[in-house]
Ligand code: C5P
């Protein structure tokens, strides 16, 4: 049994540990969200250098940003605190990324022309294009956002290599409603974390089933299991971070959809089967993490079954369809265009049972985990089993394991594509 690249730690480091981020603020009311973002970046382990335009300093003060970042804040390129008076060079050379949030329409128009008449735009121009990626988080009124000049400027900035992020939709500070709100701090944090993940599944479409199913007995009761959906949702996030387009079909779980992931909610195994099958045509990878109920009552009572009427109730059971096995039999999987991954939750003989299940379901990869040690937990330990053998991924946070699993899946797909 192989060990995964020595990553035996129980908890991963914070996602931005050892990362130095330049957080730029241009003028806009969304500056108040940048204060919260700054705090979140620091909490995630980053060191943060805040640089503000004069306009941004009208909305939040450098004092606020200094207290949150625990670093001196720069506004002017003439700042005498730099011994060589070259803040634009000194502040960009050790950065792992620059994020301008908010990026106003005017600031982006300026960047587009390579203008540099304030410290922040000067830094955007002076940074190394190869080593310091630039993320822009636009924020503006909906009419400014929709204006052809803004749209044209953003297209050109993308062409020049900037990551122009999306915007939110909804109430605007001016009282109007529409597109142009800056993304929320947690969404911007996600974008930065994702930036540093290897894009091993770029352009792939990944379909994931997650959570338990619920099989109704009557209108108020049913059978289900203890699956929380956390492993499936961690995989969805990791796949999206790896550059994939991700769709989750989720049983009844109380989890927030990972940023950027599409989701269909279902309740029963039959509904999950239909929802998964509807997506199979579009998928390149299917990961079945759902703990699908094996059986369902043959009949669902129309009214609540009352106790004490005819003794104890008895039920006739029928077997649910095996979603994974059916997907593995689909034309797309049989043609080698869809790579299928199963999850086996066992209580004993994990390796042997998971390997047998892999063969029985006709899938190239089966991931084994111990049911009681994973259901509802934030950590897990996995066995990755294919026809070559077994790889052990020691106990770690589910997101850390999910990222490792994406690398394993990606390497197997690319080997297959090269053959
Ligand atoms: O329940 P079982 O141990 O057979 O589950 C193993 C794998 O098969 C899991 O990936 C699970 O999501 C999938 N499965 C399924 N449909 C079922 C039962 C299991 O897709 N009805």
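Quick note: the coordinates plus some simple rules give every number you see, no bench work behind them. Worth saying up front: this structure is predicted, and the values here are computed from it rather than measured. Virtual Cβ from ideal backbone geometry, glycine too; neighbours counted across all protein chains shown.
Using a simple spin-label model with pseudo-atoms 7 Å out from Cα toward Cβ, residue 315 and residue 81 lie 6.5 nm apart. GNM remark for the chain: springs join alpha carbons under 10 Å apart, and the peak mean-square fluctuation among 227, 314, 26 falls on 314. Between the Cα long axis of helix 185-195 and the first principal axis of the chain there is an angle of about 80°, rounded to the nearest 10. If R0 is taken as 22 Å, the Cβ-Cβ distance between residue 221 and residue 351 corresponds to a FRET efficiency of 0.05.
Remind me, relative contact order of the chain in percent, using alpha carbon pairs under 8 angstrom and six or more residues apart? Mind dumping the intermediate values first?
Values: 872 pairs, mean separation 55.3, N = 419.
Reported relative contact order: 13 percent.
To the nearest ten degrees, helix 350-361 and the longest principal axis of the Cα atoms of the chain are 80 degrees apart. Estimated from helical segments only, the mean residue ellipticity of the chain at 222 nm is -9500 deg cm²/dmol, where each DSSP H run of four or more residues counts as -39500 (n - 2.57).
Once the chain from residue 278 to residue 387 is taken as fully extended at 0.36 nm per residue, the excess over their C-alpha distance is 36.4 nm. Helix 398-418 and the longest principal axis of the C-alpha atoms of the chain enclose an angle of approximately 80°. For the pair residue 93 and residue 117, the difference between a 0.36 nm per residue extended length and the Cα-Cα distance amounts to 6.7 nm.
For the range 20-195, what is the per residue volume of the convex hull drawn over the alpha-carbon atoms, in cubic angstrom?
Working: hull volume 18.1 nm³, N = 176.
Normalising the Cα hull of the range 20-195 by residue number yields 103 Å³.
Between the range 117-132 and the range 29-102, the C-alpha centres lie 14 angstrom from each other. Note on the chain: semi-axes of the ellipsoid equivalent to its C-alpha gyration tensor, largest first and rounded to whole Å, are 47, 25, 20.
Taking the convex hull of the alpha carbon atoms in the range 317-364, what volume per residue do you get, in Å³? If you can, show how the numbers build up before the last one.
Details: hull volume 3.8 nm³, N = 48.
Convex hull volume per residue, Cα atoms: 80 Å³.
Working from Cα pairs under 8 Å separated by at least six residues, relative contact order for the range 232-280 is 33 percent.
Structure remark: mean-square fluctuation, Gaussian network model of the chain, C-alpha springs under 10 Å; the largest value among 385, 223, 305 belongs to 305. Taking all Cα pairs closer than 8 Å and separated by 6 or more residues, the relative contact order of the range 16-114 comes to 39 percent.
For the range 244-310, the Kirkwood estimate of the hydrodynamic radius, built from every pair of different alpha carbons, is 14.4 Å.
Rg(Cα) of the range 152-207 divided by 2.2 N^0.38 Å? Write down the numbers at each step before the final one.
On the way: Rg = 14.5 Å, N = 56, 2.2 N^0.38 = 10.2 Å.
The range 152-207 yields a ratio of 1.43.
Here the gap between residue 159 and residue 415, fully extended at 0.36 nm per residue and compared with their Cα-Cα distance, gives a gain of 89.0 nm. Translational diffusion of the range 243-354 was estimated from the Stokes-Einstein equation, with Rh taken as the Kirkwood radius over Cα pairs; at 10 °C and 1.306 mPa s the coefficient is 96 µm²/s.
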